[in-house]
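Read the structure below first, then the notes.
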Amino acid sequence: MEITVLLENSKFKNSNLNIEHGLSIFIKKNGNNILFDAGGLGESAIKNAEVLGIDLFKIDVVVISHGHNDHTGGLLKFLQINDKAPVYLKREALNSHYSKRPEGLKYIGMDDQIAKKYTDRLNFVDKTVKIAEGLFLVPDIMDEFSIPSSNCVLYVKENGELVRDDFKHELFMIIEKNDNLVIFSGCGHSGIRNIVNTARDVLPDRKIESVIGGFHFQAGSLDYAFAEKEEIEDTAEWLKNEVDGQIYTGHCTGKRGINLMKPILKDRLERIYTGMKISF
Ligand SMILES: [Fe+2]
Ligand SMILES: [Fe+2]
């Protein structure tokens, strides 16, 4: 399995890749080309794929972790370029999502043109599904652990009314590496511990080899909606014991989250960045 981070909030100093707040990961596995998320609003993931020589026309399948625009901002452009790859997402991802900020309510949902123009490309995931050899999507995430407190600024419109987001629009992806599991989270709004334990429920008696994605210890690029220190450290301790190998994170984990996790996870924590390549 070969992984290329097409977009994360950061990059190496001299890199000519584009960055913005968002996440997008390209995965090559058993001859399948998978696009996991397509952030952000400035279509950086799409531009970076071109710079990196990744032919978007050859993507076989797209997985959208949830309906926020930092994970879907490049999707419309992608659908214009690639006319065949199915897009897997939860139906709830199409709902209207908002972030409450001091300056007012900000729309952070998907572009409604996607549902209007490309309905035939959308595949709604309502139960765990195997979409390719060794590749699973899991739409129902358990609530054993409390969800990150930094979710508090996130809202969704239901029947015209603005309510706190329950993240029913979130799914996660599992890729088998031999018998072990590699877990991909988008923002991890539902809590990375809940995601890992749900993976264990779905595919029992496997080692969790690695976790890749955001853990949502910071709301978007906002510098005031942080998760509690204790909650971050507890999560790091838990991951240290429950995950076998590397923890790759970035994006909404935020710098503070990473700095608090690092002394606990040490070399097992690796910060992802735009252009990073990981081989399993
Ligand atoms: Fe999100
Ligand atoms: Fe995000």
Requested in this report: Give Val87, Val51 a once-over and let me know the one that is farther than 30 Å from Glu161 by Cβ and either at pLDDT 95 or above or surrounded by 24 or more Cβ atoms within 10 Å (Cβ to Cβ) (or both).
Outcome: Val51
Report task. Only residues in the range 179-197 that are in contact (Cβ under 8 Å) with a residue 24 or more places away in the chain and of a type in the set (Lys, Arg) count as the first member; pair them with residues that are away from ligand 2 (no atom under 16 Å from the Cβ) and assigned to a loop (DSSP other than H, G, I, E, B), Cβ under 8 angstrom, at least 6 apart or cross-chain, and list the lot. Result -> Arg193/Glu144; Arg193/Phe145
Report task. Pick out the one residue from Arg164, Arg101 that is surrounded by fewer than 16 Cβ atoms within 10 Å (Cβ to Cβ), farther than 21 Å from Glu8 by Cα and within 16 Å of ligand 2 (Cβ to nearest atom). Result -> Arg101
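Filter the range 43-65 for residues that are under 17 Å from the mean Cα position of the chain (by Cα) and on the phi < 0 side of the Ramachandran plot; which is farthest from ligand 2 (Cβ to nearest atom)?
Val61
The values are calculated or read from the model by the stated rules, or taken from the named source; none is laboratory data. Computed from a prediction, not measured in an experiment: that's the story for all the values here. Positions of Cβ are generated from backbone atoms using ideal geometry, with glycine treated the same way; all protein chains shown enter the neighbour counts.
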